[in-house]
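> One structure, pasted below without further comment.
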Amino acid sequence: SIIYQNNKLIIKMPSSPTSPYKADTPTYSLDRARLSSSYPELRCPTEQDARMVLAQTAIYESPPFQQKFQNDWSSVLLRSNGGYDLDVSLKKCYAMAFAMPPSPDFRARSNSVNSQGNSEPVSLSI
């Protein structure tokens, strides 16, 4: 809640990960807390369970993730030790949603690497 008190703007955020607070930008820590409340080991036994619990996170509902996800669960689910690792899957969801493409300067530098693996100087204007 937002409170204006004694000429100061005070923003109070709920401390409980199970609160009904819905942020405009999802946070990894709140989503992880939500997952661990259902699966304390952060591991699901079946792919169906993993899909269901990940679909309840804030990142899953966010437009940046939905634009890139295209319902391709193989891009985010990781099977290991007889189950699905929810922590790794959640990290993949955040990486997919908020990853930035390489900068144009990076592309120019990577294209200027010669056959011996040495990079040639790139002029940068500031």
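> Once a ≥ b ≥ c are taken as the square roots of the eigenvalues of the Cα gyration tensor of region 37-83, is the result rounded (a/c under 1.5), prolate (a/b larger than b/c) or oblate (a/b not larger than b/c)?
Values: a/c = 2.70, a/b = 1.56, b/c = 1.73.
Because a/c hits 1.5 or more and a/b fails to exceed b/c, region 37-83 counts as oblate.
> Percent relative contact order of region 61-106, based on C-alpha pairs within less than 8 angstrom and at least six residues apart?
Numbers: 27 pairs, mean separation 18.8, N = 46.
With pairs under 8 Å counted, the relative contact order is 41 percent.
> With θ set to phi - 60°, apply the Karplus curve 6.51 cos²θ - 1.76 cosθ + 1.60 along region 28-42 and write out the HN-Hα couplings as whole Hz, x wherever there is a Gly or Pro.
Couplings: 4, 5, 5, 5, 5, 5, 5, 5, 6, 6, 8, 9, x, 7, 6 Hz.
> Once a ≥ b ≥ c are taken as the square roots of the eigenvalues of the Cα gyration tensor of region 17-98, is the result rounded (a/c under 1.5), prolate (a/b larger than b/c) or oblate (a/b not larger than b/c)? Numbers along the way, then the final one.
Numbers: a/c = 2.01, a/b = 1.18, b/c = 1.71.
Oblate shape, in that a/c is at least 1.5 and b/c is the bigger or equal ratio.
Here, each number is a calculation from the coordinates, and none is a lab measurement. Quick caveat: nothing in here was measured; it's all calculated off a predicted structure.
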